[in-house]
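Written out below as structure tokens is the structure these notes cover.
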Amino acid sequence: MLSPGSGNTVIKSKLISRRMFLLTAAKAIVMVGLVGRLITLQINQSTKYKSLSDKNRFREWKLAPERGIIRDFFDQELASNEPLYQVHLVPENTKNLNQLFVRLKGILNITDQKISYLKRVIKKQKPWEPVIISDNLSWSEFSRLNLFLHELDGVEPIVSVARTYPDNSSAHILGYVSQISAKDLKTKKYLKDLSVPGMTVGKTGLERKLDKEIIGKVGFQRYEVNAFGKRIKEILIDEGKAGSSFKTTLDYEVQKYTNELLKDKAAAVCVMDIYKGDIVSLVSAPTFEPNAFVHGLEKDYWDSLTKDGKKPLTNKAMSGLYPPGSTIKTLVALSALENKIIKPSDVFRCTGKIELHGEKFHCWEKKGHGIVNLRKGIQRSCDVYFYEIARKLGVDRLSETAKRFGLGKKVLSDFIEERSGVVPNTKWKKKFIGQNWYIGETLHSGIGQGYFQSTPIQLCLMTAQIANGGFEIKPRIIFDKKNNNFREYMKYKNENPDEKIPLNSLVKNFNLKPLFEDQKNINIIKDAMFSSSNEPGGTSYRHRFENPKFIFAGKTGSSQIKRFTEAQREAEVKQTDLNYKDRDHALFVAFAPYKNPKYAISVVIEHGGSGGSAAAPIAKKIIKKVLERDNLRQQINNLSEELV
Amino acid sequence: MLQPRSIQSSLGIRDKIFSFDYILVISILTLGIVSMFAMYSTDGGEFKYHTNSHILRFFVFFGLFFLISLIQIRFWHDQSYLIYILFFLLLLGVKYYGISSSGSKRWLDLYFMNLQPSELMKVGLILFLAKYYHRVSIENMNSIQYLFTPIISLIAPLLLVATQPDLGTSILIATGGITVAWLAGVRIKFFAYSALIFIALLPIAISFLKPYQKSRILTFLNPERDPLGAGYQIIQSKIAIGSGGLFGKGFLNGSQSYLDYLPEKHTDFIFTLFSEEFGFFGSLFILLLYALIISRIIKIGNLTRSTFGKLYCYSFGTAFFTYVVVNMMMVLGLLPIVGSPLPIMSYGGSSMMAIMFGLGVVMSCKIYKDVPVN
């Protein structure tokens, strides 16, 4: 069997040693290989692995900053932040989850559905990750919860902040905020470093215009985390910075009042300080509930908003395009006077219609207005009179005046929803429609129909610039303490009421920019507007004020075209007794008080019928409200000017 | 025989102590102390369960190492078969009375410790085959009838361990056994034939693999396949080692292990932890310590006269080298995660016991280097 090796032990030893030598050589090679691998990982690639290790190690949590507050002129908060009461639950801190939920049900309003949903969530996540049990508790629920907190292991009351609006009266101009969308991240560069889950951004209105400054600076916490994502210790914290707050020129009281007046209508109102251009009120109806957007919109509500034919989401005051209708007649007359086409005393005979190249042009008054001069033309809004002077004036000169007074361009800046409208002329038509201008179209333009399109805010600016004596103003909605150039002028005028100040002095001494050639012409128009509102036969005579404090001068209008796109041709038919969608838009522009004008207003009621009957009464009420609050407003104005 | 047997076998305790290989003893002690620091770091810089019990085990089994080395090599030669059979019975015991953990049955509950007999078998098989080939004459070495015993003694424990299942340990046991046979002079062609048969049987073997074992092999081939699942360990280990850089993150500052990114940091990934905290130079130091230990074992093999002693030392040295290399290649992302501890460094009583036992026999070879075993 086995032979105990004694003689061949030496041979065996030699064999073993030889083979061992081979093995040792192999071992050496493998060892060198291991060292090589260590060199690769720890020397050559150590930078890469160091950064990977840090990536493992640190997690950053961003902290959403508080949005700045938007206030009205009287420091009322129009958009502010409210504490958001939430209940979080950290499952690992709870001994008996089922028992806890039973207890919570007794304290808060939680449905069984919600509980079974939460249990599923808890099962999926790590035990130390908090679950939001309720993200918007009422204060009473929250305080009740705090009362029982000692018996609720693992439950954490959390106070966070969310945007809130006192009501929906200023929803359009303020806009709304909502969760950051992928599109926001792509289009808005400032959001790049700001993306925090749950953070909201301004989507429309001032919230969007001011977003960059109002949003604040994101804070962050850097934590060291373990492999399971559990926070081990805080390394760094930056609280971030709340966004800047803004004061607007709006008057919350007027906003509320106007909003109430426009209830159930599709309408827009703009009220402006005629010297400073401060927008006192800008309301579009119907309105929507801006608070509904903050915590994620419910589908039903969204559907009801998008399906509503009155378009509640559109800010009609700056993006609604309406033919200005007869409200443009003030500018047509002014343009004709300035270009010395007519004298105020020139008369035309209105028989209810005129004919031009075989086409009939009707006056709204079938019987005709008889002999009409400029004052009566504006007072009665005689279409024939304006057909005549528009024909003499020509559309190009009219458009020049209209543009100078603010039509056809955006009034405010940085509102994506604002539209510029159309002031047509021969060049414009050639460029955008590709056709030559017809003289008939000039006639339509003369009564604010045809290609003309304007927004309520533009009509308000136009009226304001007539009312202030024909000077350019730069409308603003954000209050800043920049002094206004009218101050010196107003002071001087009050001291020397009868002195006629030459044009170049206005420009040089008062730094005003006149929009007129001769201020006399402006006054003629203002006087004609006065007669339209305050003398028998005037189109808004029925809605005048007797109290001299409130007397206003205005101009009615009704636009016969429901919808107008640039490609559309004018519609010639005029019908009465139509169903809602086919009715005329009612327009009214005015300034008040007549003797010493301070504010201009424009009102557009979609499908409201005639301006005199539908828009003027609303304008009247708002004018009263604004003038009643004028004293208060001037006090603040004076105060802030003193501060300057 | 160059010296009278009687002198050799009756060495006094003083002589025995003097004939110790002190370089080996100091290397083992140094490695043991380094391993205590590493274990202290895995416990987050506190003396907790792992650190305390590792320190205790190291010193207990270091004592065992001394005891074993003081016993005559002839005794170990004579009891080799018995030791093998004892270990084999323990392995069988695992099959019937073993305790399971995470899907595998590897341990015997001995009340004072959980024994993993497969670790002991790593040394047991080497002892067995060293004695067997010591007694086979060079002429009979390659005759078929003398191949049966080694093959059976190799396959039987292998199957028991592989079905625990513990693929890593069974491969390491086989490595030891094959090394003895090859060193003893078994022809290459037999290994080649075996390899061919093994490859032929591979598809069948793969069908017996547990899903997690298949996943480990696939993951090794492409760690990014499932970065949060099976590839996680390899990726995190590479990150830890790579981020250690030249000088390391400093003692107790290894963020990867401190923050639990390192899996199994006490056992298989102890080198990763050390490497993260002490960097390239630290790793090199460990590597050199192991190289020193292995080279001393081989050196003792050279010194010892008996074929049994030579075969044992060479094979044990080679097996020791394999354990080190397989573990390091694993944590460096060069081999699949097969679950093999790093000798002395890793936490684990059975492994420590087996290694210290093996080293004790080596030291016994040194002390009784001139004593013939039969």
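The values are calculated or read from the model by the stated rules, or taken from the named source; none is laboratory data. Note that the structure is predicted; figures quoted are calculated from it, not measured. Virtual Cβ from ideal backbone geometry, glycine too; neighbours counted across all protein chains shown.
Mind listing whichever residues of segment A:213-223 are surrounded by fewer than 17 Cβ atoms within 10 Å (Cβ to Cβ) and either basic (K, R) or within 14 Å of chain B (Cβ to nearest Cβ) (or both)? Correct list: A:K217, A:R222.
So in segment B:134-156, with the set limited to residues that are part of a loop (DSSP other than H, G, I, E, B), surrounded by 14 or more Cβ atoms within 10 Å (Cβ to Cβ) and hydrophobic (A, V, I, L, M, F, W, C), which one is nearest to the other protein chains (Cβ to nearest Cβ)? In this case the residue turns out to be B:I138. Evaluated against (1) out of contact with any Lys or Arg (no Cβ under 9 Å at 6 or more places or on another chain); (2) touching a residue at least 12 places away in the same chain (Cβ under 8 Å), B:D21 falls short on exactly one condition, (1). Test B:G248 against the stated conditions and say whether it is within 9 Å of chain A (Cβ to nearest Cβ) and of a type outside the set (S, T, Y). Yes; evaluated as a whole, the condition is true for this residue. Contact annotation: residue pairs with Cβ atoms under 7 Å, 6 or more positions apart or on different chains, pairing a residue in segment A:225-245 that is in contact (Cβ under 8 Å) with a residue 24 or more places away in the chain with a partner that is assigned to a loop (DSSP other than H, G, I, E, B) and of a type in the set (S, T, Y), are A:A227/B:Y261. Summed over segment A:49-76, residues that are in contact with a Ser or Thr (Cβ under 9 Å, 6 or more places away or on another chain) and either free of Cβ contacts under 8 Å to residues at least 60 places away in the same chain or more than 9 Å from chain B (Cβ to nearest Cβ) (or both) total 15.
To keep it simple, each residue is scored yes or no on (1) outside any loop (DSSP other than H, G, I, E, B); (2) over 30 Å from A:I11 (Cα atoms); (3) not β-branched (V, I, T).
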position	(1), (2), (3)
B:F271	yes, yes, yes
B:L289	yes, yes, yes
B:I297	yes, no, no
B:R305	no, no, yes
B:L311	yes, no, yes
B:S315	yes, no, yes
B:T318	yes, no, no
B:S346	no, yes, yes
B:M352	yes, yes, yes
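Within segment A:349-367, is there a residue that is among the β-branched types (V, I, T), within 23 Å of A:T463 (Cα to Cα) and out of contact with any Lys or Arg (no Cβ under 6 Å at 6 or more places or on another chain)? Looking for residues that are among the β-branched types (V, I, T), within 23 Å of A:T463 (Cα to Cα) and out of contact with any Lys or Arg (no Cβ under 6 Å at 6 or more places or on another chain), one finds none in segment A:349-367, hence no. The set of residues from segment A:380-399 being farther than 14 Å from A:K353 by Cα and either within 29 Å of the chain's Cα centre (by Cα) or without any contact (Cβ under 8 Å) to a residue 40 or more places away in the chain (or both) comprises A:D396, A:S399. Checking each residue in segment A:10-49 for being touching a Lys or Arg at 6+ places or on another chain (Cβ under 9 Å) and either closer than 30 Å to A:V218 by Cα or modelled with pLDDT of 95 or more (or both) picks out only A:Y49. Residue check: A:R375 meets all listed conditions (1) under 30 Å from A:G537 (Cα atoms); (2) in contact with a His (Cβ under 7 Å, 6 or more places away or on another chain) but one, namely (2).
Applying the criterion of being at the interface with chain B (Cβ under 7 Å from one of its Cβ atoms) and of a type outside the set (A, V, I, L, M) to the residues of segment A:34-47, the residue that is nearest to B:V324 (Cα to Cα) is A:R37. Scanning segment A:523-577 for residues that are part of a loop (DSSP other than H, G, I, E, B), among the aromatic types (F, W, Y) and at pLDDT 90 or above turns up A:F545, A:F550, A:F552. Checked against the criteria, A:A25 does not count as touching a strand residue (DSSP E or B) at 6+ places or on another chain (Cβ under 6 Å), among the small types (G, A, S), more than 10 Å from chain B (Cβ to nearest Cβ) and not in a loop (DSSP other than H, G, I, E, B).
When residues in segment A:479-522 are screened for being assigned to a loop (DSSP other than H, G, I, E, B), under 36 Å from the mean Cα position of the chain (by Cα) and modelled with pLDDT of 75 or more, 8 of them pass.
Just so you know, in segment B:269-305 the residues that are at the interface with chain A (Cβ under 8 Å from one of its Cβ atoms) and within 26 Å of B:G185 (Cβ to Cβ) include one that is surrounded by the most Cβ atoms within 10 Å (Cβ to Cβ), and it is B:G301. Within segment B:32-50, the set of residues being crowded, with 20+ Cβ neighbours inside 10 Å and more than 16 Å from B:E264 (Cβ to Cβ) comprises B:G32, B:Y40. Residues in segment B:157-183 that are within 14 Å of another protein chain (Cβ to nearest Cβ) and touching a Ser or Thr at 6+ places or on another chain (Cβ under 8 Å): B:T175, B:G176, B:T179, B:V180, B:L183.
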